[in-house]
Every structure is written in C-alpha cells, then in structure tokens.
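These notes concern the structure reproduced below.
The values are calculated or read from the model by the stated rules, or taken from the named source; none is laboratory data. Every value quoted in this text rests on a predicted model; they were computed, and no experiment measured them. Positions of Cβ are generated from backbone atoms using ideal geometry, with glycine treated the same way; all protein chains shown enter the neighbour counts. Just so you know, the surface numbers come from the protein's heavy atoms only, side chains and all, with ligands and any DNA or RNA stripped out. Shrake-Rupley method; radii C 1.70, N 1.55, O 1.52, S 1.80 Å.
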Amino acid sequence: MESSAEPAPGAPRLAVPVAALIGVLAVAVALAVGHLVAGVVGPSASPFLAVGNTAIDLTPLQLKDFAVRTFGTYDKLVLLGGMALVLLGAAVVAGVLSRRSSLPGSILAGALGLLGVAAVLARPDSGQLSVLAPIASLVAGIAVFRWLHRAALSVREVPQEGGRRKLLIALGATAVGAGVAGVLGQFLGNRIDVEGSRAAVGAIKPSKPAPEIPVGADFSGQGTPSFITPNGDFYRVDTALSVPRLRAEDWSLRIHGMVDKELTLSYEDLRSRELVERTITMTCVSNEVGGPYVSTSNFTGVLLRDVLMEAGVKPGADQLFGTSSDGWTAGTPVDVVMEAERGALLALGMNGEPLPVEHGFPVRMVVPGLYGYISATKWLVDLELTTFDAKQSYWIDRGWGRLGPIKPMSRIDTPKGLSRLTGGGKTTVSGVAWAQPKGVAKVEVRVDGGAWQDATLSADVNDSSWRMWKVELDLPAGGHQVECRATDKSGFVQPQARVAPIPDGATGWHSAFFTVEK
Ligand SMILES: Nc1nc2c(c(=O)[nH]1)N[C@H]1C(S)=C(S)[C@@H](COP(=O)(O)O)O[C@H]1N2
Ligand SMILES: [Mo]
C-alpha cells in the first residue's frame, strides 16, 4: 500500500511499474493489432510502418543526408528502432500518468492512434480498406489499456484471494496475444509469394547478350571490386521500409499521358519482346566522394525507346514520369531516354536472374549515365509522358536537381585510408573510376601533392560502365597522401572543388592517407 504521508486522494493508485507496464502492453497490442489487420488489407496500412514511411517522406534533407551518411543501408533499421524507443517512452508516460484514472493514458493512446490513422491515409499506395488497420489499432489500444487498468485497480481496491495472480495472468496473456497478432500480421503481409513468382519466371535469357567481360576488366587481386557486382552485393538505396511485393503474373505497366496511343504491358508482353543485355554501372547521387553507392550489373530488358516510339511521344513532352507501386516517383528527361545510343532499359533481369525483389522485381528502369534518383524507378507500375513544369518527382520536391547526369568520379580502394603498410616501399594503389555515358579515358594519381602520373587502366568494357585503375609506387618510409582524378573521353577532368551530394552529385578528388613502414 502507498505510504500514508501521501495527500489522501481518496482513491487507490497503481504502483509505478504496474502503471508503466500497462501502458507498454496497451501500445504493444495496438501496434500488433494494426499490423495484423494490415496483413489482411495491405502491408502499407500497418500504422507503425506507415508512420515510419511518412517520417521518411517528411524528414528534412539535411537530416536524411546525415542518416544515410551515418547509418548507410541501416538507416531504416535505425529509424524503426528510434520510433520503437519513442513509442516505448510515450507508453511509459501514458501509463504513469494514469495511476489513478485511465483517462490521461486513454487520451494519449487516442492521440497516437490518430497519428497512425493520418499516416496511413497519407500513404500513396494504401487501398480504401487500409484505414481499418489504424482504427483497429486505436480501438484495441484504448480498450486493452482500460481493461488492464480496471483489473489492476480492482486488485488495489479489494485485495482478494488470488487477485494478484489473476492480474499477472491478464498481463501475461496480453503480452502473448500481442506477440501472436504481430507475428500473424507479418505472416499474412508476406503471403504474396513474390519469391515463388521469381522462381517461376526462371532465368532471364537475352536474345542479344552483352559482350563477354574480358579478363583484365578488373584488378580484383589488387584490391579493386569485381567488374560485375554480384546481385547480393549491389548497393541498395530506396525509401521503402517494407520492400514492395509484386508478383510478375499480377504486374502491369501503364504508359500514358502525352502519347498517341496509351499502352498497358504485362510481364509476358515485355518478356516476349526482344530482350537485350547491357553492362551498366549505376550510381547514387547521394554518394560521397569515395563512397560505396556504385555497382555494375548485366541488366537485361526491353529498350525503353522502342516502347515509347510505339506509344508515340507527343511533341512538348519533356518528362518521363515513373511511379513505383509504393508511390515513389522519378522524372527522367525524355530526350535522354529517346537517344538511340543511350540504351535506356525497362529491365527485367540482373546477371541472368529476374531482378532481386529489393532491386525492383518484376520491372525497373535503368538509364545509363543518369543518377538513380531521376531514372531508376524500381517496382515500376506507371509511366506518364508529361512536362517538367506540370509535375515534380519525389527528390525534386525535396530540393534535389531536376537533371541528374552522373559526374565523372574516381575512388581509391587500396590502400585503405589511415592504414599502415609494412614490407618495403613498393605499394600498389588501386581503385575504380566512372564517367558514364562518356566513358573513362584516363585516371591520374599524385603523391603528396607532387606531379600527376597516369594510372594503368583495366580493359575498356563500354562507356556506360566503370573502369579499374592501379599504380605501383615506390615510397619512402613515412606518412603519405595519394589523390586520384579521372578524365572522361570528351577530355573533361574531374574537378577538384569539393561539393556536397546535394543537389546534383558530389565532386572533388578522393584522397587516402597512409603510412609506409620499412
Ligand atoms: N521505387 C523506388 N525506386 C527507386 C528508389 C526508391 O526510393 N524507390 N531509389 C532510387 C535511387 S536514389 C537509386 S540510386 C536507385 C538505386 O537502385 P538499387 O537499390 O537497385 O541500387 O534506385 C532508384 N529507384
Ligand atoms: Mo540514389
């Protein structure tokens, strides 16, 4: 019982830990029930994920940039973990504020519930039934909170035989119930068998394979990446908290807007067309100088230009506006996509396999020479011919540049910055360079600000993909700085000026400091 020194309120109070636990359990039930109903009406209706996705969409540029820089591909896990902590705190506060009456906690739970409703309604890909999930969540959260609260208070009021035990059972059952509902929701949400669909699609065989990658296209023995990036190692950047699950057999692509003839293409329609294979290096605009968001694949697909010619692009349409199944958008310059030599693809395959789910299965766009944020829509479901004045795509809306040509860049992969090298003065410095779509003509290296010297380049595969470089240096013991710069085939030299990725891609020379020990 409470100490009698407390001002007597005339009503019993719950102990702080019990009150906090009731708050936490009620929030857990709310989330789990929301997730369960979302499993039935559509994964984007899950209030927790919807709040997370809305947070991603609303996050200011600088914070997002910081998150990607600091947490890399784990940024989403960090976001969900952070949200869970905030919710946990709110649940504890709601519980503790409600030691006497369940009203304050119910109000806070209601407010959180309404946040979930608003977030789900704001999702671009939520269906009409999706609001049922956050509403169920809200109702279940408040009901469980009040029920547990009443049960706990009655134990306080009339301490009865076995009362505590009954309360413990109620709390335990609630925890188990929340767990079961959450797991079941996850299971139902994953019931769309996307891996089954991928397996049924089978190998993607091009009618026009890309030329064989020559031996000597990389120096992977000397520290550069393999020329072709294995699918599992390909960098990943997207805003999707849960990866869209589309089956090839349900998928279709609508091409409309400023066209002579609207087209709707099924997966089989695309697959039965001529499939070409292209070796393409993709790059993210948010890649820092020296950063990892660059990879190369053999993409197989249909030439986008041919499909657009069939639809007939009306004069004046300067933007090809792509939308993914989860509502993300990218606006690509029509003139770039229509260049015959560019080879922009509606891609179905990566390295002979159907696209991995996280890289856009069943179909994505790939445009050599353009950063992904304005060209590489994954889980593509809609292409509209329009103008740049009429519509803004996802990242343009958030302050990034309209046109996204990839800037020539080179990166040092070996030695790693700040490493200590032993075993003599001979040092191999190696890395990668890219300048799509012009191609890399030259990479130069200088040591300690001295004269530039040409690096040895790997075999030239094509102008849309990266090249590897290396130099053999004989360095005296001590600390050294190496820098590199690329020149493209038009003679443009990678600029020295350091510019941040925002708004249209980083520039600057990558450098590495290391120590040679004799
Ligand atoms: N649907 C969707 N497509 C998307 C994105 C996204 O957030 N959603 N991100 C784009 C960005 S910024 C890049 S760099 C590329 C990355 O493709 P990858 O993850 O296959 O490497 O996808 C693009 N396509
Ligand atoms: Mo990107």
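Descriptive notes on the structure:
- Of the residues making up region 393-412, those that are open to solvent by less than 30 Å² (accessible area, probe 1.4 Å) and of a type in the set (F, W, Y) number 2.
- Just one residue in the set W452, W466 is farther than 17 Å from D218 by Cα and not assigned by TED's automatic domain parsing to the domain that holds Q222; that residue is W452.
- Flag for L148 being open to solvent by less than 50 Å² (accessible area, probe 1.4 Å) and closer than 28 Å to P43 by Cα: no
- Qualifying residue in region 382-392 (condition: touching a residue at least 40 places away in the same chain (Cβ under 8 Å), outside the structural domain of S295 (by TED's automatic domain parsing), open to solvent by 30 Å² or more (accessible area, probe 1.4 Å) and small (G, A, S)): no
- Boolean, A67 is open to solvent by less than 30 Å² (accessible area, probe 1.4 Å), in a helix (DSSP H, G or I) and at pLDDT below 90: yes
- Filter result for D397 (more than 29 Å from E472 (Cα to Cα), in contact with a strand residue (DSSP E or B) (Cβ under 9 Å, 6 or more places away or on another chain) and either in contact (Cβ under 8 Å) with a residue 40 or more places away in the chain or not aromatic (F, W, Y) (or both)): yes
Yes or no, residue by residue, for (1) in contact (Cβ under 8 Å) with a residue 60 or more places away in the chain; (2) outside the structural domain of P206 (by TED's automatic domain parsing); (3) outside any strand (DSSP E or B); (4) more than 15 Å from ligand 2 (Cβ to nearest atom):
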site	(1), (2), (3), (4)
N287	yes, no, yes, no
G290	yes, no, yes, yes
S295	yes, no, no, no
V302	no, no, no, yes
A317	yes, no, yes, yes
T323	yes, no, no, yes
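- Residue among A240, A217 that alone is part of a loop (DSSP other than H, G, I, E, B) and away from ligand 2 (no atom under 16 Å from the Cβ): A217
- A single member of R411, R342, R364, R420 is of a type in the set (D, E, K, R) and farther than 30 Å from P206 by Cβ, and it is R420.
- Exactly one residue out of G327, G360 is closer than 23 Å to H256 by Cα, open to solvent by 10 Å² or more (accessible area, probe 1.4 Å) and within 10 Å of ligand 1 (Cβ to nearest atom): that is G327.
- Residue list for region 411-462, restricted to those being in a loop (DSSP other than H, G, I, E, B), small (G, A, S) and touching a Phe, Trp or Tyr at 6+ places or on another chain (Cβ under 7 Å): G417, S419, A455, S458
- Restricting region 438-448 to residues that are of a type outside the set (K, R) and open to solvent by 10 Å² or more (accessible area, probe 1.4 Å) leaves a set whose member that is farthest from A477 (Cα to Cα) is A441.
- Selected residue (only one of P211, P206 is more than 16 Å from ligand 1 (Cβ to nearest atom), under 30 Å from L275 (Cβ atoms), in a loop (DSSP other than H, G, I, E, B) and open to solvent by 80 Å² or more (accessible area, probe 1.4 Å)): P211
- Filter result for the condition that a residue is open to solvent by 30 Å² or more (accessible area, probe 1.4 Å), assigned by TED's automatic domain parsing to the domain that holds S226 and either within 16 Å of ligand 2 (Cβ to nearest atom) or not in a loop (DSSP other than H, G, I, E, B) (or both), over E339, E274, E310: E310
- Of all the criteria given as (1) surrounded by 20 or more Cβ atoms within 10 Å (Cβ to Cβ); (2) more than 23 Å from the chain's Cα centre (by Cα); (3) more than 18 Å from W147 (Cβ to Cβ), the one not satisfied by L114 is (1).
- Count of region 414-437 residues which are crowded, with 21+ Cβ neighbours inside 10 Å and either touching a Leu at 6+ places or on another chain (Cβ under 7 Å) or under 19 Å from G221 (Cα atoms) (or both): 6
- The set of residues in region 464-494 being touching a Lys or Arg at 6+ places or on another chain (Cβ under 7 Å), surrounded by fewer than 19 Cβ atoms within 10 Å (Cβ to Cβ) and not in a strand (DSSP E or B) consists of A477, K489, S490.
- Filtered residues of region 183-203 (kept if open to solvent by 20 Å² or more (accessible area, probe 1.4 Å), of a type outside the set (A, V, I, L, M) and under 22 Å from F48 (Cβ atoms)): Q186, F187, N190, R191
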